[in-house]
Every structure is written in structure tokens, then in C-alpha cells.
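Inspection log for the structure reproduced underneath, given as C-alpha cells.
The values are calculated or read from the model by the stated rules, or taken from the named source; none is laboratory data. Being a predicted model, the structure only gives us computed values, none of them experimental. Note that we place each Cβ from the backbone using ideal geometry, even for glycine, and neighbour counts take in every protein chain shown.
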Amino acid sequence: CEVSPPTFSQVVFTDIPQSYPPSTNITCNYSLTAAFQPNPRDWVGIFKVGWSTTKDYHTFVWVEPCLDVVGEQTMTRHAFFKDYYLPKDEIEFYQFCYVDSTGQVRGASTPFCFKSPSEQSLESSPEDDLLVITTQVTNANHM
């Protein structure tokens, strides 16, 4: 079995945030290198980090055909995922993977999770926690 590392980087995912809000449609952006020729049977899947085969996807979408451009340049493409099919788990991390028509992974994104914005703001704002603690201490003194 011969593994050629360059095939794994023929598709590069760009501008992937650390988290997406749950229950909303998401778009992922990716670029195809000039050497890579997409096929209408290629797909982009969302995989839980730690996946072992391309059958471990949570959901996937077929890539949109781009027959108008051939070689010579890097092409930026998009994959759209409807909220109904997205993972509901806010603990796990996921990543996008581009899988070609022969089942080979041609690119993978950095990990991301699904987290509601309110959870993010609570985690990133220690002042709120301090305020709650101070309020509880004040209430205890009045009793």
C-alpha cells in the first residue's frame, strides 16, 4: 500500500471557526489545488475527531460540480450543511473532510465544535462569575 502525502493536502479548508452555533445552517469554504481535478461524486463530510474510516461521517454533502475551470489555478468552493443534519452534541469536536469519488481523503479541516454563543460568552467572561460570587456573599451578610 503506497501512501503519497501530497494527496491529503490537495483540498485545503479555509476560515474554519473554533465553533459554530448549534441549530443553524453552516457553510464551509475550501480550496482545490490546481493539480486536483474534482469529480461530481466527491463529497465533504463532517466527522467526529478521531474517525478511522470514511464511513464514520456524521453527515455529508456532494460537492458542487465546477466544470468551467480546468487546472492552472486554485479554486475556492463552498459546502452548505443544513442545521437539521448537523450534530447536536456540544461536547465533541468535529472536522470537515473532503473525500473523492474513490473514497480517498483529499483534505481535512482544523477541529471545531457546536456551541451556543451564550455558553461562549459565559466561559470567556470571568467578570460575570465574580459578580455572582460577590452577590452571594452580600446576601449571606444580610441574613
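Scanning for something in contact with a strand residue (DSSP E or B) (Cβ under 8 Å, 6 or more places away or on another chain), over 18 Å from Ile26 (Cβ atoms) and at pLDDT 95 or above, does segment 55-70 turn up at least one residue? Yes, segment 55-70 has at least one match. Can you tell me which of (1) modelled with pLDDT of 95 or more; (2) over 20 Å from Asn29 (Cβ atoms); (3) among the aliphatic types (A, V, I, L, M) is the one Val137 doesn't meet? Against the list (1) modelled with pLDDT of 95 or more; (2) over 20 Å from Asn29 (Cβ atoms); (3) among the aliphatic types (A, V, I, L, M), Val137 comes up short only on (1). Residue count for segment 75-116, restricted to those that are under 12 Å from Val11 (Cα atoms) and assigned to a loop (DSSP other than H, G, I, E, B): 3.
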